[in-house]
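One structure is given here, and the rest of the page talks about it.
The values are calculated or read from the model by the stated rules, or taken from the named source; none is laboratory data. Small disclaimer: the values here were computed from a predicted structure and weren't measured. Note that each Cβ is placed from the backbone with ideal geometry, even for glycine, and that neighbours are counted across all protein chains shown. Heads up: the accessible areas ignore ligands, DNA and RNA and are worked out on the full protein's heavy atoms, side chains in. Shrake-Rupley method; radii C 1.70, N 1.55, O 1.52, S 1.80 Å.
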Amino acid sequence: MSIFDHPEFDNHEEVVFCHDRDSGLKAIIAIHNRNLGPALGGCRMWPYASDDEALTDALRLSRGMTYKSALADLALGGGKSVIIGDSRTMKSDALFRAMGRFVDSLGGRYTIAEDVGVGVDDIDIMGQETAHVAGRGGDGVGDPSPATAYGVYKGIQAAVAHKLGHASLQDLRISVQGVGAVGYHLCRYLHQAGGKLVVTDIDVESVRRVVEEFGAEAVDLEDIYDADVDIYAPCALGASVNDETIPRLRAKIVAGSANNQLAEARHGSDLAERGILYAPDYVINAGGVIHVSYEGGTFDAARVRSHIGRIGKTLTEIFERAASKRIPTSDAADRLAEERFGATKLGPSVAA
Ligand code: NAD
């Protein structure tokens with residue numbers, strides 16, 4: 001397996017392979033770029049089928065964090081880590097302590113936080129070995145999901161204003177695919193704003209909760225793409241915007257929390273050609289990283305909320321740039337991020 005020829009390698013600064021025999025830890029930490037500051041990014045625990053699959057995820061996700069933090073007005077670089085293993089059966093104190101020691105060995109170049117399969121409790125264990133953790137429980141900032149949902153909500157408001165010319169979400173119909181941690185809180189915000197919800201999830205209990213609490217209409221998993229809605233909010237897994245689903249979408253806006261919503265980059269152009277406004281995923285879902293970036297300092301909830309609220313302004317700038325340059329919003333977001341983090345400048349020497 002070659003790193004430098006890997007299709008997902010994009011001038012990453014550092015890729016660390018971590019192994020601890022006693023605990024069975026196998027992990028990869030990838031630092032993409034630190035031009036804007038030390039790298040911050042979540043740790044994903046997943047039963048990858050191969051080492052290459054894990055490496056692919058680490059390279060791709062860490063690059064995404066560079067772009068996300070640059071557009072979230074954070075003085076942070078992009079990094080991410082993956083632990084190879086099943087989070088339901090393979091978690092242990094020893095495993096997370098070992099991971100914490102690896103993070104510590106990087107001397108602050110990378111700060112670790114939650115991602116799929118890794119929660120606040122796990123962060124707290126790693127925090128016993130290193131100070132370079134974010135999203136701790138107790139006096140830490142905790143679970144970022146409600147903050148992510150708030151950012152998505154503000155992003156939907158900006159998209160609605162740009163595309164539909166509405167100042168409010170009252171009576172707009174929004175489909176939410178995946179009503180887990182982020183999707184649930186997003187439904188709450190949308191319901192409070194007068195939106196009408198259409199939801200789906202593989203977890204029956206999660207669906208029941210939003211039907212009961214927010215009067216959502218539940219549909220079968222596949223029917224979410226055909227729903228007669230104004231906005232489609234993907235909040236489950238990635239790649240739900242693809243060749244098969246795009247022709248079915250009746251929404252005028254795609255705006256949700258899921259990472260990597262476009263199956264391929266060209267699907268950003270396909271959405272634009274159909275007149276569907278896409279709120280680039282890493283811009284609209286940055287509420288969580290903004291939230292955890294406040295770990296360790298004085299947590300002023302109003303200040304953090306106002307910072308997250310700026311996601312709407314950034315999206316509006318991206319929508320306007322895309323319209324004036326006649327490019328897809330996904331491309332406009334990439335260009336703006338690259339301007340901000342200086343994609344052409346390599347390495348930490350320019351960090352000062
Ligand atoms: P979660 O696991 O709590 O929720 C995801 C939900 O999607 C679950 O309820 C799951 O049952 C459901 N689901 C899975 N496959 C589905 C399918 N095919 N159809 C319908 N539902 C399906 O995760 P989360 O923390 O809410 O994150 C949701 C998405 O947002 C993920 O893509 C995640 O990477 C992204 N995200 C989350 C955060 C955060 O702060 N949690 C931050 C940025 C991005």
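Summary table
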quantity: Once exposed loop GluC sites (Glu not before Pro) are cut out (DSSP; at most 14 other Cβ, 10 Å), longest piece of the chain; calculated: 1-243
quantity: Contour minus Cα-Cα distance for residue 260 and residue 306 (0.36 nm per residue); calculated: 14.0 nm
quantity: Percent accessible area from carbon and sulfur atoms, the range 145-339, protein chains only, probe 1.4 Å; calculated: 48
quantity: Computed magnitude of the charge dipole of the chain (debye, nearest 20; Cβ of K, R +1, Cβ of D, E -1); calculated: 1180
quantity: Loop-exposed trypsin sites (Lys or Arg not before Pro) per DSSP, neighbour cap 15 Cβ within 10 angstrom, longest uninterrupted part of the chain; calculated: 89-249
quantity: For the range 1-159, share of DSSP beta bridges that run antiparallel, in % to the nearest 5; calculated: 55
quantity: Antiparallel bridges, percent of DSSP beta bridges restricted to the range 34-124 (to nearest 5); calculated: 10
quantity: Computed helical MRE - 222 nm, the chain, DSSP H runs ≥ 4 contributing -39500 (n - 2.57), nearest 500; calculated: -12500 deg cm²/dmol
quantity: Descending Cα extents along the principal axes, the chain, whole Å; calculated: 54, 45, 42
quantity: Cβ-based net charge around residue 211, under 12 Å, with every Lys or Arg adding one and every Asp or Glu removing one; calculated: -3
quantity: Accessible area per residue in Å² at 1.4 Å probe, computed on the chain; calculated: 43
quantity: Carbon + sulfur, % of accessible area of the range 3-126 - ligands and nucleic acids excluded, 1.4 Å; calculated: 48
quantity: Three-way shape label, the range 132-208, alpha-carbon gyration tensor, a/c 1.5; calculated: oblate
quantity: Long pairs among 68/313; 252/313; 26/68; 163/252, criterion Cα-Cα beyond 18 Å; calculated: 252/313; 26/68
quantity: ³J(HN,Hα) computed for each position of the range 181-189 - Karplus, 6.51 cos²θ - 1.76 cosθ + 1.60, integer Hz, glycine/proline x; calculated: 4, 6, x, 4, 5, 4, 4, 4, 4
quantity: Radius of gyration and maximum dimension Dmax of the range 3-126, Cα, Å; calculated: 13.4, 40
